Amino acid sequence: MTETTPTPSDSAPAPDGARVPTADADGTDLAPRPGTITLAATPIGNTGDASPRLRSALAHADVVAAEDTRRVLNLAQRLGLRIPGRVLAFHEHNERDRAGELIEAARGGASVLMVSDAGMPSVSDPGYRLVVAATQADVPVTVAPGPSAVLTALALSGLASDRFCFEGFLPRKAGEQERALAELADERRTLIFFESPRRVHATLTAMAAAFGADRRAALCRELTKTHEEVRRATLGELVGSTADGELGEIVLVVAGAEPRSADPREAAREALALADEGLRLKAAAARVAQESGLRTNEVYRAALALREGRQD
């Protein structure tokens, strides 16, 4: 199915005749704006997580671009509403071509809604090219926030959440995956990955080899659904627990690397080398300190001492 045009309705009633509001109790707009593309987050599992803005957007948008038209129509049915606007398929295979059509619709004054199968569009899902093209065409883009598998898994993982990075899906080819993990081995921020249930055991095995089997991690499965599960363990332990396979959507959260013990004098030499290339010594010391785990002042003082020794 590539395009669906439900029965038109000027106010988009729900199937039972109830009206879907266009504003909340304090008068804040809920409905999508004319001439604007709205990226709306959809539930990642629990339909009850659908926001009032998502409900209103589905019920009032002139055009709804969906990663899978059948899924968005099914979601609307579960929410007890109809989608009166034009429903278009918008996925990785037609994103580049269809983006122009959506931009022209917005330019013509239509309200355009973009949704993915679950979570926020453009985050490991279609939508990125649409945002880039709309920005270049000066077409307004806004977001109706909502559920996020990335942040949900991070919050549940029990791992540090003050600094983190999202890596999405790792490369499937063994060589490319090995190189990607090697580049991340010394990353000190918490790492978040998406993975399929049939590949998760092999991925965890590769992570244990690259990061060390003792690195803490969390396997988050079926988030917000009835069988939600979070396993907090070492990578080695998770390798063992997934040997027989897994079911459901999976997010992996991996602790960042511990700071490596470093020699202040060696760090000072690195800072001086950066300073010789034109970087201010204080900034060079800060950069080296971040990479080495040492304190900036410690590296800076050692660098000053070495510099004075050079001058003697």
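Some notes on this structure:
- Taken together, the residues in segment 180-220 that are without any contact (Cβ under 8 Å) to a residue 12 or more places away in the chain and either crowded, with 20+ Cβ neighbours inside 10 Å or closer than 25 Å to G45 by Cβ (or both) amount to 1.
- You will find that of G119, G100, the residue that is over 26 Å from L151 (Cα atoms) and open to solvent by less than 50 Å² (accessible area, probe 1.4 Å) is G100 and no other.
- Residues of segment 259-281 that are touching a Ser or Thr at 6+ places or on another chain (Cβ under 9 Å) and surrounded by fewer than 15 Cβ atoms within 10 Å (Cβ to Cβ): P259, R260, S261, D263, E266.
- Residues that are at pLDDT below 90 and under 24 Å from E187 (Cβ atoms) within segment 225-267 comprise E258, P259, R260, S261, A262, D263, P264, E266, A267, listed in sequence order.
- Residue match in segment 142-156 (condition: closer than 17 Å to L235 by Cβ and β-branched (V, I, T)): no
- Residue tally, condition open to solvent by 70 Å² or more (accessible area, probe 1.4 Å) and under 17 Å from the mean Cα position of the chain (by Cα), over segment 123-160: 5
- Qualifying residue in segment 27-36 (condition: under 30 Å from the mean Cα position of the chain (by Cα), within 15 Å of A144 (Cα to Cα), modelled with pLDDT of 95 or more and crowded, with 19+ Cβ neighbours inside 10 Å): no
- Single residue of L247, L252, L223 found to be in a strand (DSSP E or B) and either touching a strand residue (DSSP E or B) at 6+ places or on another chain (Cβ under 9 Å) or free of Cβ contacts under 8 Å to residues at least 12 places away in the same chain (or both): L252
- Flag for G236 being assigned to a helix (DSSP H, G or I), assigned by the TED database to the domain that holds E195 and within 30 Å of S196 (Cα to Cα): yes
- Taking the criterion of being outside any loop (DSSP other than H, G, I, E, B), under 20 Å from R107 (Cα atoms) and open to solvent by less than 10 Å² (accessible area, probe 1.4 Å), the residues of segment 64-94 that qualify are V64, A65, A66, V87, L88, A89.
The values are calculated or read from the model by the stated rules, or taken from the named source; none is laboratory data. As the structure is a prediction and not an experimental result, all values here were calculated from the model. A quick note on method: Cβ atoms are made from the backbone with ideal geometry, for glycine too, and the neighbour counts reach across all protein chains shown. Surface areas here come from the heavy atoms of the whole protein model, side chains and all, with no ligands, DNA or RNA. Shrake-Rupley method; radii C 1.70, N 1.55, O 1.52, S 1.80 Å.
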